[in-house]
Amino acid sequence: MRIEHALEIASQTHPGRVRAHNEDSLSCEPSCGLVVLADGMGGYNAGEVASGITVSVLTTEIKHSLQSVRPEDKDEDGEDVAVSLLRENVQKANASIFHAAQSQPQYAGMGTTVVAGLFYDNRVAVAHVGDSRVYRLRGDDFEAVTRDHSLLQEQIDSGMISKEDARLSRNKNLVTRAVGIDANVTTEVHVHEVEVGDIYLLCSDGLNDMVEDDKIGGTLHALRSNISLAADQLVKMANDNGGRDNVSVILVKVKGDFAAPRGVMAKLLSWFGK
Amino acid sequence: MAAKLILSMDGAVLKEYVLNKERMTIGRKAHNDVVIDNLAVSGEHAAIVTILNDSFLEDLDSTNGVMVNGAQVKKHFLQNNDVVEIGKYKLKYLNDQPSQSSAADFERTMVLRAPPAAAAVAKRPEAAPVAQTQANAAQTQANVAQANVSQANVSQARPAHVAQMEATGKFSELSDTTAQQPVSGGSFAQAAVQILTGPNAGKELELVKNLTTLGKPGLQVAVLTRRPNGYFITHVEGATFPVLNGAQLNEHPHQLKDHDIIELAGIKMEFFFKS
């Protein structure tokens, strides 16, 4: 099945009930199985600029590259091309934000989180920097696929603080990595096997800070047959709970198999659009 | 404002300590930050580790132990107004930084990163003071955290946002995990749906969750959502849309009124408020 038929994608973004600006940006490219979401930070409109640059660099560059390379092939380091595409283009976005921030005083210090998923060959490569997340609903199991780059997550990892106590922490708003604040960025990328029926949720912290994980999972589970309604409902829940931050969600539902065509004939056929 | 400890015995305040070090020790011996010269107190009795706005109490294998709010602890994440008891002595922990579950604390995200670049960021005038103070705090806690944040420096702050809406109280419910209580909007008018036709006629379904799905999966499903401003019905799946009081709904949410009649997957039911 071609990727755009195998995936159903829905998204929503909302400034929330407190903030005037929406500093989140997102983009969905069903034709190449790519979804990107970024949560910008910085004064004036710098947050929007940083998240906007990141989403547009990732989307246009990866879309363009996929016309000449195949995401399932291996690059010279033995990694899937999808992985290096994500990593290289987050770096590209990083450089362009960093340079803009250096040359324009009003953009000084701007940065953004990013989370991106590239679906190919029954897999998804997930890249992230900062505290925007990817969750997966598989059957009845709802779990986070990414781990935040935040002080709080590091404290949880080192056993300083329990997961339950983390909700009480006063250090929730500190991320340890962001795109655009330094000359280089380290992007975390992992490849996950995908199963038919999976639903992937990409979100900014405006969702998971306002709505508990089990409620997010419960909503997705109840509304899994209508993901655009689910996206809408998640944003409403964040706003009903106070909507203190911009809230953005992208939902990707896997409707069918999308294994890459194998062998010369299959590849030939796929060019003619089977 | 850094957190404080107030040392008292039998209700009389003895001394006040500001938690301005990454690690403060409490004990009988003179080298401790908080010295309690009493034989019931061990040489090094307990320690308090502070990371930015959070403080953690740890019993250093003391002979007589440490109590917090009346319960023995080995390790404890201190919350505002906690009372730590060591022998006859009480240490009250005060932290007027709003906690995550209150209103004013939803500060904008900041980035922690390594020192060299911090200078560049300090150029930004309105962010500089915040960044500086936070940076010091981060620096002092670095070796304690033992996480990868050693030498962490807060380099860039989004301007702190002044929350204008919602009382603190609403957010205290955020930590509620029963999954049934609405978080904002206070108490809901309780409502239910009574089945009128079909094999389950007469049955009543109380709407205790924020989301209740109705219907037959694969055939026709609708969801009833409970929100601060009322109850809504929305079509989820199926070729036909639910019928409300004889009129077919569209794909948008529709608010329910008392005694509305819903028709779904061939079953009639009535929505009503319980008073």
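List of remarks:
- J(HN,Hα) series, the stretch B:74-88, from Karplus relation 6.51 cos²θ - 1.76 cosθ + 1.60, nearest Hz, glycine and proline x: 9, 9, 8, 8, 5, 10, 3, 6, 5, 10, 9, 10, 10, x, 8
- Using a Förster distance of 41 Å, the FRET efficiency for B:Glu16-B:Gln190 (Cβ separation, nearest 0.05): 0.25
- Distance between the pseudo-spin-label points of A:Ala260 and A:Asp140 (7 Å out from Cα toward the beta carbon): 3.7 nm.
- Here the residues A:His14, A:His192, B:His235, B:His252, ranked from fewest to most Cβ neighbours within 10 Å of their Cβ, fall in the order B:His252, A:His192, A:His14, B:His235.
- Taking every lysine pair in the stretch A:3-271 that is 8 or more places apart or spans two chains, those with Cα atoms closer than 21 Å amount to 12.
- Taking other C-beta atoms within 10 Å as the exposure proxy, B:Val73, A:Val124 rank B:Val73, A:Val124 from fewest upward.
- Net charge over other residues, Cβ less than 15 angstrom from the Cβ of B:Glu263 (K, R count +1; D, E count -1): 0
- Derived scalar couplings ³J(HN,Hα) [the stretch B:9-15; Karplus, 6.51 cos²θ - 1.76 cosθ + 1.60; whole Hz; x for Gly, Pro]: 9, 6, x, 9, 6, 9, 6
- Every Cα-Cα pair of the stretch A:1-43 was included, and the share exceeding 16 Å stands at 49 percent.
- Label-to-label distance, nm, for residues given as B:Val243 and B:Asn64 (7 Å Cα→Cβ offset): 7.8
- Ranked list, fewest to most other Cβ atoms within 10 Å of each Cβ, for B:Thr50, A:Thr112: B:Thr50, A:Thr112
- The mean sequence separation of alpha-carbon pairs under 8 Å and at least six residues apart, normalised by the residue count of the stretch A:1-141, gives a relative contact order of 24 percent.
- Choice from A:Val235, A:Val115, A:Val69 with maximal GNM fluctuation in chain A (Cα, 10 Å cutoff): A:Val69
- Additional length obtainable on full extension of the chain from B:Leu219 to B:Glu204, 0.36 nm per residue less Cα span: 3.2 nm
- Gain upon complete extension [B:Ala265, B:Ala30; 0.36 nm per residue less C-alpha separation]: 76.8 nm
- Pairwise label distance in nanometres, A:Asp213 with A:Thr60, each label 7 Å out on the Cα-Cβ vector: 3.8
- If you bin all the Cα-Cα distances of the stretch A:3-271 at 10 Å, starting from zero, the percentages per bin are 7, 30, 36, 21, 5, 1.
- Residue by residue along A:217-229, Cβ atoms of other protein chains within 10 Å of the local Cβ number 4 on average.
- Length-normalised contact order for chain A - Cα pairs under 8 Å, 6+ apart - percent: 27
Readers should treat all values here as calculations from the given coordinates under stated rules, not as data from a laboratory. The model shown is predicted, which means the values in this text are computed figures rather than measured ones. Quick reminder, even Gly has a Cβ in these numbers, built from the backbone with ideal geometry, and neighbours come from all protein chains shown.
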